[in-house]
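Colleague: The following block contains the structure, expressed as structure tokens.
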2 protein chains.
Amino acid sequence: MDGEPRWLDAREQHAWRGYLAMQAQLQATLHRRLQADAGLSLADFDVLVALSDRADEPVRAGELAGLLQWEKSRLSHHLARMERRGLVAREDCPDDARGAFVVLTDAGRRAQEAAAPAHVAAVRELVFDGLAPEQVDALISVSDEVRARIAGR
Amino acid sequence: MDGEPRWLDAREQHAWRGYLAMQAQLQATLHRRLQADAGLSLADFDVLVALSDRADEPVRAGELAGLLQWEKSRLSHHLARMERRGLVAREDCPDDARGAFVVLTDAGRRAQEAAAPAHVAAVRELVFDGLAPEQVDALISVSDEVRARIAGR
DNA sequence: CCGGAATAGTTGACGTGTCATCCAGTGTTC
DNA sequence: GAACACTGGATGACACGTCAACTATTCCGG
């Protein structure tokens with residue numbers, strides 16, 4: 001079927017290793033800073049942002065999973081932990097008795113608002129302040145292309 | 001200290017969200033395929049590749065951690081799991097009695113050789129086959145810049 | 001040589017993510 | 001309306017990663 005595997009050439013290997021290193025270090029750094037500044041994980045922050053984008057309307061768990069592109073089970077576990085810490089609450093859903101609404105608590109809203117400025121500043125500092133506009137464009141086009149290839153097949 | 005936080009502009013937000021989505025989906029897809037094809041996690045694969053790059057010379061655990069850019073404790077836990085599955089073995093280090101050598105077992109070598117072609121093919125298919133040479137260059141320059149900013153501060 | 005600092009690696013506790021499974025409520029079909 | 005599959009979500013088991021504490025050795029100054 002594939003005879004000889006086609007390995008990556010030198011430039012591709014360089015790009016791939018560089019990308020892997022960047023992504024690991026960037027994620028770890030942003031995570032550590034957010035944790036240190038605000039006591040939140042990146043995942044916590046994503047959930048809080050998604051919920052506060054919806055003002056205060058309760059959001060269905062499944063819909064939230066879709067927004068975050070998370071598996072339902074991941075979200076369920078994560079919400080259980082966040083609920084234990086008082087950041088979110090689950091409410092019964094009148095329309096569909098097997099569904100659940102998720103809402104931000106006051107503590108959750110405060111945590112998100114407190115965390116956001118430093119987090120954005122870190123993203124700026126580590127990424128965008130160092131990139132020329134063409135590099136930002138390239139990042140967009142690469143992301144779009146790769147995502148299209150992942151989705152389409 | 002920072003008065004008004006400087007938010008990301010529309011283009012930057014687009015780039016950032018796209019990057020985050022790409023990286024999450026790419027990692028998940030590569031992980032799932034490697035797991036399905038070869039029963040290995042990405043982390044397993046990285047360890048096996050690092051060890052097989054060193055032919056069969058035993059590698060000190062600490063050095064391996066450095067090569068992989070992993071914390072020592074992560075490596076220790078991961079090696080314990082891989083050792084349980086028979087992919088690697090730990091040996092005593094004669095020079096330094098508190099050190100440990102890590103070696104690939106035959107099963108480990110076979111697993112790595114069996115996994116590599118499909119994994120490279122997946123990276124090609126999802127990433128490099130879709131990118132023009134300038135995009136690969138841009139990926140390199142972005143990775144270098146971001147890593148420099150993470151390191152230097 | 002002795003005692004304390006540094007180093008190599010392990011361990012335990014805990015948060016996180018995945019997969020498979022389960023359960024309850026819903027919808028559909030006859 | 002009873003049997004059926006379907007859907008929303010929770011749960012348990014387990015792999016993974018991090019942090020802090022720990023153990024055993026080595027190193028170094030006196």
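Colleague: With a 10 Å cut-off between alpha carbons and a GNM built on chain A, which of A:VAL103, A:VAL59, A:VAL120 moves the most?
Modeller: Most flexible of the set in this elastic network: A:VAL120.
Colleague: Within 10 Å of each Cβ in B:24-37, how many Cβ atoms from other chains are there, averaged over the peptide?
Modeller: For peptide B:24-37, the averaged partner shielding equals 2.
Colleague: Between A:ALA21 and A:ARG60, what is the FRET efficiency for a Förster distance of 25 Å, r being their Cβ-Cβ separation, to the nearest 0.05? Spell out each step's value before the answer.
Modeller: On the way: r = 38 Å, r/R0 = 1.54.
Efficiency for this residue pair is about 0.05.
Colleague: Now a separate question. Tell me the distances, shortest first, between A:ALA80 and the same position across the other copies, using label points 7 Å along Cα→Cβ, in nm to one decimal.
Modeller: 2.3
Colleague: Next question. Just need the relative contact order of the range B:1-100 here, percent rounded to a whole number, with Cα pairs under 8 Å and 6+ apart.
Modeller: Reported as a whole number, the value is 15 percent.
Colleague: Most mobile of A:HIS31, A:HIS78, A:HIS14 per a Gaussian network model of chain A (Cα springs, under 10 Å)?
Modeller: Its mean-square fluctuation being the largest, the pick is A:HIS14.
Colleague: Same structure, new question: Taking a label point 7 Å out from Cα toward Cβ, give me the nm distances from B:GLU91 to the same spot in the other copies, shortest first, one decimal.
Modeller: List, nearest first: 6.4 nm.
Colleague: Can you give me the distance in nm between label points at A:ALA148 and A:SER73, each placed 7 Å from the Cα along the Cα-to-Cβ direction?
Modeller: 3.4
Colleague: Additional query: Please work out which residue of chain B brings its Cβ closest to the axis of the rotation superposing B onto A, and round that distance to whole Å.
Modeller: Residue plus distance in Å, as requested: B:ALA138, 2.
Colleague: In the protein assembly as shown, what percent of the accessible surface is made up of carbon and sulfur (1.4 Å probe, ligands and nucleic acids excluded)? If you can, show how the numbers build up before the last one.
Modeller: Numbers: 8490 of 16800 Å².
For the protein assembly as shown, the apolar C and S fraction of the accessible surface comes to 51 percent.
Colleague: Sticking with the crude label model, points 7 Å out along Cα→Cβ, report the distance from B:ASP9 to A:HIS31 in nm, one decimal please.
Modeller: So the two model labels end up 3.2 nm from each other.
Colleague: In nm, what does the list of distances from B:ASP56 to its counterparts in the other copies look like, shortest first, when each label sits 7 Å along Cα to Cβ?
Modeller: Distances between equivalent label points, in nm: 7.0.
The values are calculated or read from the model by the stated rules, or taken from the named source; none is laboratory data. This one's a predicted model, so the numbers in the text were calculated from it and none came from an experiment. Every residue, glycine as well, gets a Cβ built from its backbone with ideal geometry; the counts of neighbours run over all protein chains shown. Side chains included, ligands, DNA and RNA excluded: accessible areas come from the protein's heavy atoms. Shrake-Rupley method; radii C 1.70, N 1.55, O 1.52, S 1.80 Å.
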